[in-house]
1. When the stretch 59-85 is examined, which residues are found to be without any contact (Cβ under 8 Å) to a residue 24 or more places away in the chain and over 21 Å from Pro97 (Cα atoms)?
2. Scan the stretch 80-88 and give yes if some residue there is open to solvent by 60 Å² or more (accessible area, probe 1.4 Å), of a type outside the set (A, V, I, L, M, F, W, C), part of a helix (DSSP H, G or I) and at pLDDT 95 or above, otherwise no.
3. Here is a check on your reading of the model: is Thr60 closer than 17 Å to Gly34 by Cα and either out of contact with any strand residue (DSSP E or B) (no Cβ under 6 Å at 6 or more places or on another chain) or open to solvent by less than 80 Å² (accessible area, probe 1.4 Å) (or both)?
4. Test of understanding: among Gly49, Gly65, Gly34, Gly11, which residue is exposed (fewer than 13 other Cβ atoms within 10 Å of the Cβ) and at pLDDT below 95?
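The values are calculated or read from the model by the stated rules, or taken from the named source; none is laboratory data. Note that the coordinates shown come from a computational prediction; the quantities given were computed from them, not determined experimentally. Reconstructed Cβ throughout: ideal geometry from the backbone, glycine too, with neighbour counts over all protein chains shown. Areas reflect the complete protein model, heavy atoms only, side chains present, ligands, DNA and RNA absent. Shrake-Rupley method; radii C 1.70, N 1.55, O 1.52, S 1.80 Å.
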Amino acid sequence: MSLKNGITVAGVAVAMSLALGVSDAQAASNASPGDALATSVTAALHGTGRGIRVQVVDGTVYLYGAVDTYLQRASIEETATAAAQGHKVVDSIEFSPS
């Protein structure tokens, strides 16, 4: 099927696919290394505490939240440090027994 000026529907579909592929590639290239680091640490901490939040600023990993015991806090910090791949980890987790 042809549109005006001899452009086909298939041609438009191919052009749109290419344009969308470029935007996905641009979005991936715009992701900061901190995003990957935060994702890695968050995945490692999954299920280790009550709502531990991870933030990465200038390559430093910050941990926020609250836990019931000091042992939980130490375990979370150890896990985050291992997942941080040599990046500094700042533990701002509060001790808050239920």
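1. Answer for the stretch 59-85, where residues must be without any contact (Cβ under 8 Å) to a residue 24 or more places away in the chain and over 21 Å from Pro97 (Cα atoms): just Thr81.
2. Keep residues of the stretch 80-88 that are open to solvent by 60 Å² or more (accessible area, probe 1.4 Å), which gives 81-82, 85-88.
Retained after the next criterion (residues that are of a type outside the set (A, V, I, L, M, F, W, C)): 81, 85-88.
From the residues that got through so far, the ones that are part of a helix (DSSP H, G or I) too are 81.
If we keep only those that are at pLDDT 95 or above as well, we get 81.
The answer is yes, given that some residue of the stretch 80-88 is open to solvent by 60 Å² or more (accessible area, probe 1.4 Å), of a type outside the set (A, V, I, L, M, F, W, C), part of a helix (DSSP H, G or I) and at pLDDT 95 or above.
3. Values: closer than 17 Å to Gly34 by Cα: yes; either out of contact with any strand residue (DSSP E or B) (no Cβ under 6 Å at 6 or more places or on another chain) or open to solvent by less than 80 Å² (accessible area, probe 1.4 Å) (or both): yes.
Judged against the criteria, Thr60 is a match.
4. Numbers: Gly49 fails: exposed (fewer than 13 other Cβ atoms within 10 Å of the Cβ); Gly65 fails: exposed (fewer than 13 other Cβ atoms within 10 Å of the Cβ); Gly34 fails: exposed (fewer than 13 other Cβ atoms within 10 Å of the Cβ).
Exactly one residue qualifies, and that residue is Gly11.
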